[in-house]
Structure formats: C-alpha cells, structure tokens
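> Mind looking over this structure? Questions follow.
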Amino acid sequence: MPLEMHKVRIIQKLNLVPVEERQRAVTEAGNNTFLLQNRDTFLDMLTDSGVNAMSDNQLAAMMVADDSYAGSETYTKLESKINELFGMEYFLPAHQGRACEHVLAQVFVKPGDVVPMNYHFTTTKAHILLAGGQVKELYYPDALDVESTNLFKGNMSPELLRETIAKNGVEHTPFVRMELGTNLIGGQPYELSNQKEIYAICQEYGITLVLDASLLADNLYFIKTREAAYKDASIRDITREIADNSDLIYFSARKLGHARGGGICTRDRDLYLKMRDMIPIYEGFLTYGGMSVREIEAIAVGLEETMDFHMINQGPTFIEYMVDELTRRGIPVVRPAGGLGCHLDAMQFIDHVPQSEYPAGALGTALFIASGVRGMERGTLSEERNEDGSEHYSNMELLRLALPRRVFTLSQVKYTIDRVTWLYENRRMIGGLKFVEEPPMLRFFVGRLAPVSDWQDKLVAKFRADFGQGL
Ligand code: F0G
C-alpha cells in the first residue's frame, strides 16, 4: 500500500460541483482543460508544475529570504547547494524551465541545426524551432509502446545518435539533450548507464550534453529501484554521478525542488560566459533571474529534501498504485508506471474517435464531466501543425493525470480510479472535438474547441441515470 511519509498541516478546501455545472464549465473553457477555472475543478491533475506540496522547512526558509537586487545571500545559498549536489560551480537563475530553454536555444541553436534528444518536451521544441533548428528524437521503438515491460523507456539509442551526428555533422549539432523522467512518453526514466554511454559519444565528438533535470526526482527513484547497479547507492551519489556525466544541467524548479523558478548550471566557464548576458536581458539580474528570493530559498531547501528517498518515492508509489488498479480493470494506461502521473491511453480507451478529432483532448473533457478531475491532453493537440498546415499526428494520445507530489491522498486517488472506471464502461458514448479557435503556436494552451456532436449532453444524462442525485 502506498504510504504518505508526511502529515498534512495546511489544507485547501475543494469544491465538487454537480455534473451539469461541470459540463457548463468545460463548455465555457472551450473544451480545453487549461482554460478551466479552479473553482469548478475538484482534483486538479493538470500538472505537477508549481503545485507540489511544500514542506514546513521550505516555508520557514522563505521567511528569512534576503531580498536584495544584487548579491543576495539567498542566491548564494542556492548556488552553493547546486555546487554541493551537482559539483557545478556556475549557476544562472531563470524564472522557470522554459526560460532556460530560451537561453539555450538562442545561444547555441542556429538555423539548420538539429538537436538530438531522447524525446522532446513542448516548450523545448518550440524554442529550438523558433531559433531555426529542429529536434531529432532518438528513442528505442518500444518507448512509444504503451504496454511495454521496458523499465527504461526514456533511454536514448547510442547507434541512432552516431548516425544522426554523422548525417548532420558536428557543426550542426549544437548539443545533445537528455530529459530525465521523460515527460511526454509518460514520465518514463532512463538508465544512468545509458546516459554514460551517450556522454561518452558526446565527448568523442566534442558535443555538449545537456540534461533537462526538471523530473530528476522521479528518475532518481527509478535508478535506485530499477537499475541493479545502483540498488545500494545513495540518492546523493546517484545525483552526483548523473551530473558528472553531463556538461550542463537545466531545470524547472516548479518541478525539481517543489517551488517556482528555474536555472542552468555547468562546470564549464566558457559555456557559462556564452549564456550569462542573456540573463539580465530576459530574466533579471544574475542573483535572482526573475525569481522571488523567497522561492529561491524554497528551492535550496527543496533540492536538499530531494536527496531523501522517502520524499521522492511518494509520487512514483502513488502512480504505481493507480496504474496497477486501472490495469486490473482492463483500462489502458501507460506501463510500466512512470513518474509525474498516470497516463490514460486515449488511442485504445476510445478507439472509435479518430486522431483528427483529438481523442486525448476529448477524453479529458469527458473525465472532467464525469469527475471534476482535470487532466492534461498530451497528444495531437499538443503538437504543432506541419509547415503545409496539415495535422502532425502525435505518436501517442495520452490523457495525463498528474499527481503533484504529496498533494492528494489515497482516497482521492481511489475516487479518480472509480470515475475513470465508470467512464470506461461508458466509453462508447464519448465523441471527438473540433477546433473553434486555433492559435498558431502552442495551441493546446489557449485554443478553443467544441464537441463534434451532442455526446457530452448524453454523457451527463447517463451520469444522472447512474448516480441519481450524487455528485
Ligand atoms: N522540461 C520539462 C521536462 C518539463 O516537464 C517542463 C514543464 C519544462 C521543461 C518547462 O518548465 O514549466 O518551468 O517553464 N512541464 C510542465 C508540465 C509545464 O505540466 O509538464 P517550466
């Protein structure tokens, strides 16, 4: 049984509004869960970004923050913690993860460049495309297999990396990027031995290896529990070995460190100097980088707490419970259980809805109506259109139910399982969506859609018939 190794000392009241209200809310939100109001939402599983529970020690640290524009003691604390954990002397603060990606893309990516990576993340890819580059994903075939037994679907293929470098040339390979806890394929980890192999190739060619460590905590847990060679290693030692086998690490501190912010660190003074001047232009002075100093204090404490196995195991063990329970009921979810959240496979869940009608987005609206649980579409809606305007169909159509760490209780997870099960029994009632307003970039954030028929009305009627006056 997953067990909370913490107790709840501050709570936030939740609303569970009636099903008719939930339908009204999702309609007003243009059938886009990003546009829902929290007051209409029961369990917010949209993301784990900036919404993880903070500890008493983090909150206490925020009270002693040193609020000076330049030379803040608080900044020095974070810089020292990073140096201690990663062995990286140079640190550039930024307001969040995508700001780091902006700096990296603007400084290193030129038109015609190709950035090899295990898998893309939405904002990473957007910044690389904006700089005129492209991404090349070098995963193993089963990375996209939702029912795999591969415990490390985030691994990058060394053979494909060599081929890609040979094809594009070192001069068009500004860096190689490995994402820990690979988000878009279901929060799947990579093996430390794989990263070491990739790093050796990067060193052979003189190419920088960049790590996106936003989901470091989950990947640390999986290295410790799944990679035999690290069974007895401490989380601190694994962290250091990850850092030692890379040139540059950036992260969203909305995830890593359970606060809000971000940063880039490196051992290499030349890399640091190339990026440094971007920070005061786009983020803020070098000792805050657009973050509140209170958040910087919280990140420093949060990073230290990430070295505690009982802190980082909470997410993965709750997610594993959810994945196992849904699997037992025959409901298609990404397996093996990863970090970040539980991912419903919309391609199988509603196999009658074509990709042109955004099955993962449609499933997200159906689940919201059925439960007040707010998930996030991670499928075709989250892709950019091809240059000729045609749809770029996503490899996977996932509805991500993120479990912000230490936020939801086991009974809330059980409620979610129960409603997903009801929805699965009624899955044939779910129809597709079509765009009403479609922004040209990152359309999933603010695009508005409508159901292709009156299927949502019928779903609400069925809910009432089955649940009576229940919520
Ligand atoms: N890299 C990864 C792997 C991420 O998951 C995210 C954010 C970012 C970079 C960007 O960081 O949000 O601080 O600008 N992921 C969030 C999510 C948004 O919901 O998965 P950011």
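> Out of the residues in region 351-375 that are in contact (Cβ under 8 Å) with a residue 60 or more places away in the chain and outside any helix (DSSP H, G or I), which is nearest to residue 453 (Cα to Cα)?
Restricting to residues being in contact (Cβ under 8 Å) with a residue 60 or more places away in the chain and outside any helix (DSSP H, G or I), the top hit is 353.
> So is residue 312 surrounded by 24 or more Cβ atoms within 10 Å (Cβ to Cβ) and either more than 19 Å from residue 250 (Cβ to Cβ) or modelled with pLDDT of 95 or more (or both) or not?
Answer is no for this residue.
> In region 72-104, what residues are in a helix (DSSP H, G or I), small (Gly, Ala, Ser) and within 16 Å of the ligand (Cβ to nearest atom)?
Taking region 72-104 first, the residues in a helix (DSSP H, G or I) are 73-86, 97-104.
Remaining after also requiring small (Gly, Ala, Ser): 80, 97, 99.
Scanning region 72-104 gives 97, 99.
> Same structure, new question: Determine, yes or no, whether residue 145 is more than 16 Å from the ligand (Cβ to nearest atom), without any contact (Cβ under 8 Å) to a residue 60 or more places away in the chain and either within 24 Å of residue 49 (Cα to Cα) or assigned by TED's automatic domain parsing to the domain that holds residue 261 (or both).
yes
> In region 247-260, which residue that is touching a strand residue (DSSP E or B) at 6+ places or on another chain (Cβ under 7 Å) and not β-branched (Val, Ile, Thr) is surrounded by the most Cβ atoms within 10 Å (Cβ to Cβ)? Give the derivation first.
Keep residues of region 247-260 that are touching a strand residue (DSSP E or B) at 6+ places or on another chain (Cβ under 7 Å), which gives 247-253.
Filter again for not β-branched (Val, Ile, Thr), leaving 247-248, 250-253.
Numbers: 247: 20, 248: 24, 250: 27, 251: 27, 252: 26, 253: 30.
Among them, the one singled out is 253.
> Among (1) touching a Pro at 6+ places or on another chain (Cβ under 7 Å); (2) assigned by TED's automatic domain parsing to the domain that holds residue 238, which single condition is residue 347 missing?
Checking residue 347 against (1) touching a Pro at 6+ places or on another chain (Cβ under 7 Å); (2) assigned by TED's automatic domain parsing to the domain that holds residue 238, the one that fails is (2).
> Taking region 203-237, which residues are touching a strand residue (DSSP E or B) at 6+ places or on another chain (Cβ under 6 Å) and buried (at least 24 other Cβ atoms within 10 Å of the Cβ)?
210, 211, 212, 213, 214
> Picking from 425, 384, 391, which residue would you name as being within 21 Å of the chain's Cα centre (by Cα) and of a type in the set (Asp, Glu)?
384
> How do the strands (runs of 3 or more DSSP E) wholly within region 380-471 filter down when requiring 3 or more residues that are within 27 Å of residue 260 (Cβ to Cβ): which remain? If you could, list the steps in order and put the result at the bottom.
On the way: elements: 398-402, 433-437, 448-451.
Once the strands (runs of 3 or more DSSP E) in region 380-471 are filtered for at least 3 residues that are within 27 Å of residue 260 (Cβ to Cβ), what remains is 398-402.
> Scan region 162-194 for residues that are hydroxyl-bearing (Ser, Thr, Tyr), part of a loop (DSSP other than H, G, I, E, B) and away from the ligand (no atom under 16 Å from the Cβ) and report the count.
1
> To continue, here is another question. Within region 23-49, take every residue that is under 13 Å from residue 371 (Cβ atoms) and of a type in the set (D, E, K, R) and give me the one that is farthest from the ligand (Cβ to nearest atom).
Filtering region 23-49 for residues that are under 13 Å from residue 371 (Cβ atoms) and of a type in the set (D, E, K, R), the one farthest from the ligand (Cβ to nearest atom) comes out as 40.
> Since residue 380 meets every condition but one in (1) buried (at least 21 other Cβ atoms within 10 Å of the Cβ); (2) within 16 Å of the ligand (Cβ to nearest atom); (3) closer than 15 Å to residue 144 by Cβ, which condition does it not meet?
Residue 380 satisfies all of (1) buried (at least 21 other Cβ atoms within 10 Å of the Cβ); (2) within 16 Å of the ligand (Cβ to nearest atom); (3) closer than 15 Å to residue 144 by Cβ except (2).
> Only strands (runs of 3 or more DSSP E) wholly contained in region 195-283 count here; list those with 3 or more residues that are touching a His at 6+ places or on another chain (Cβ under 7 Å) and more than 16 Å from the ligand (Cβ to nearest atom).
Answer list for region 195-283: none.
> Let me ask something else about it. Against the condition within 30 Å of residue 236 (Cβ to Cβ) and not hydroxyl-bearing (Ser, Thr, Tyr), how does residue 325 come out, does it pass?
In short, no.
> Scan 120, 127 and give me the residue that is under 17 Å from the mean Cα position of the chain (by Cα), within 14 Å of the ligand (Cβ to nearest atom) and assigned to a loop (DSSP other than H, G, I, E, B).
Result of the check over 120, 127: 120.
> Just one of the numbered conditions (1) free of Cβ contacts under 8 Å to residues at least 24 places away in the same chain; (2) under 21 Å from residue 199 (Cα atoms) is not true of residue 108; which one?
(1)
> Would you check which residues across region 284-303 are away from the ligand (no atom under 14 Å from the Cβ) and within 17 Å of residue 90 (Cα to Cα) and list them?
284, 285, 286, 287, 288, 296, 300, 303
The values are calculated or read from the model by the stated rules, or taken from the named source; none is laboratory data. Being a predicted model, the structure only gives us computed values, none of them experimental. Here Cβ is always computed from backbone atoms with ideal geometry, including for glycine, and neighbour counts include all displayed protein chains.
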